[in-house]
Amino acid sequence: MVSLTVVMYHYVRKLAGSDYPEIKGLETRLFEEQIKYILKFYNPVKMEEVIAAVADGAGLPEMPILLTFDDGYKDHSANVLPILRKYGIQGTFFIPGRAVSEKKVLDVNKIHFILACASDKENLLRDVEIEINERCQAADVDHNICLISDNKSASRRYDAGPVGRIKDLLQRDLPRELRESIVDSLFRKYVSTEEEEFSGSLYMNAEDIAFMKDSGMFIGSHSYDHVWMNSLDPIRQREELEKGLKVLTDIGCGSDEIVFSYPYGGYNESLLELLGEKKVRMAFTSKCDIAGVDAGTRYLVPRLDTNDLPKDRGAEPGIWTVKAMKSLQKQ
């Protein structure tokens, strides 16, 4: 088994002085600094090389690293691609189909921008509670199913206090229809009433994605609607996977070498079985660890977050780089 470092990115943009300086993203200049750090200690590999290593034991260079980018943002074609091409590195880009085919802003991103625009997170949490109570009363639903309780909040690496609770409620804990209705309302209040225009500026379109592929990048699927796949029954899981793959095929970016990134990192046994049936080559989680490359774990590939590696070309090896070096010594 060969150790592989996989890094996960989301927003990569100029933050200071931008319209949304509070969005949790990586400054473009720091992305390039991190690329220079990576090139000091790692050997970037292509997805095709990793697939071959999993499928037939093909070799990888020492200290291999794979760069992945979730959610199909315009940031990736505008800011990431020029830097990757400059240094001769391939990135893998996981596309949520609905953002391309329907010009909709995904709930996950609506929540990101609501949080970025709301300076007082405690007040935002109260707004969420008000929305819950009003909708439950209007629908004659027991609001106890939606009570806000700090001790219900899931453990999150980078979100604590009201931010973590808001995300839990709006991403997962509330019934889906109620959750979507509240997110739409808050998005209009805090961010924008022009969803299609906002979507066009946020996500890559079909032409952008095709250009990424033509530029040597690898295109994978991030489902269709970016929902918790482990919350769906097997029929809905199939619909989500197939619709997401169809969007890629329709824009000329389909492939027999299918790779998948779990939205929110959520999966279960029925989804793993479906990936096998569909002959998906690899699937990537959001668990933080260094991957072991073999067929047995191909659907459970962990990834580091960009925050787990230094963003300074002159930095000494970080904790995860040292761990990868020690794994290399044991091989």
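The values are calculated or read from the model by the stated rules, or taken from the named source; none is laboratory data. As the structure is a prediction and not an experimental result, all values here were calculated from the model. Here Cβ is always computed from backbone atoms with ideal geometry, including for glycine, and neighbour counts include all displayed protein chains.
General remarks:
- Restricting segment 52-92 to residues that are closer than 19 Å to L309 by Cα and of a type in the set (D, E, K, R) leaves a set whose member that is surrounded by the fewest Cβ atoms within 10 Å (Cβ to Cβ) is E62.
- Of all residues in segment 290-304 being crowded, with 16+ Cβ neighbours inside 10 Å and among the charged types (D, E, K, R), the one that is farthest from G57 (Cα to Cα): R303
- S18 surrounded by fewer than 16 Cβ atoms within 10 Å (Cβ to Cβ) and modelled with pLDDT under 95: yes
Residues checked against (1) among the hydroxyl-bearing types (S, T, Y); (2) touching a Gly at 6+ places or on another chain (Cβ under 8 Å):
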{"position": "Y73", "(1), (2)": "yes, no"}
{"position": "I83", "(1), (2)": "no, no"}
{"position": "G88", "(1), (2)": "no, no"}
{"position": "F93", "(1), (2)": "no, yes"}
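- Within segment 270-290, the set of residues being free of Cβ contacts under 8 Å to residues at least 60 places away in the same chain and of a type in the set (K, R) comprises K278, K279, K287.
- In segment 186-193 there is no residue that is over 26 Å from V12 (Cα atoms) and surrounded by fewer than 22 Cβ atoms within 10 Å (Cβ to Cβ).
- Enumeration of residues in segment 261-296 that are at pLDDT 95 or above, among the hydrophobic types (A, V, I, L, M, F, W, C) and either within 12 Å of the chain's Cα centre (by Cα) or not in a loop (DSSP other than H, G, I, E, B) (or both): L271, L272, L274, L275, M282, A283, F284
- L202, sole failed condition from (1) under 18 Å from T68 (Cβ atoms); (2) touching a strand residue (DSSP E or B) at 6+ places or on another chain (Cβ under 7 Å): (1)
- Within the option set I83, I23, I35, I89, being at pLDDT 95 or above, farther than 22 Å from Q171 by Cβ and part of a loop (DSSP other than H, G, I, E, B) holds for one residue only, I89.
Condition check ((1) over 21 Å from F93 (Cα atoms); (2) without any contact (Cβ under 8 Å) to a residue 12 or more places away in the chain; (3) surrounded by 21 or more Cβ atoms within 10 Å (Cβ to Cβ)) across all residues:
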position: S231; (1), (2), (3): yes, no, no
position: R236; (1), (2), (3): yes, yes, no
position: G244; (1), (2), (3): no, no, yes
position: L248; (1), (2), (3): no, no, yes
position: C253; (1), (2), (3): no, no, yes
position: V259; (1), (2), (3): no, no, yes
position: Y264; (1), (2), (3): no, no, no
position: N268; (1), (2), (3): yes, no, no
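- When segment 168-196 is filtered for residues that are over 17 Å from L124 (Cβ atoms) and not in a helix (DSSP H, G or I), the ones remaining, listed by number, are P175, T193, E194.
- Among the residues of segment 1-49, the one identified as closer than 25 Å to A118 by Cα, in contact with a strand residue (DSSP E or B) (Cβ under 8 Å, 6 or more places away or on another chain) and polar (S, T, N, Q) is T28.
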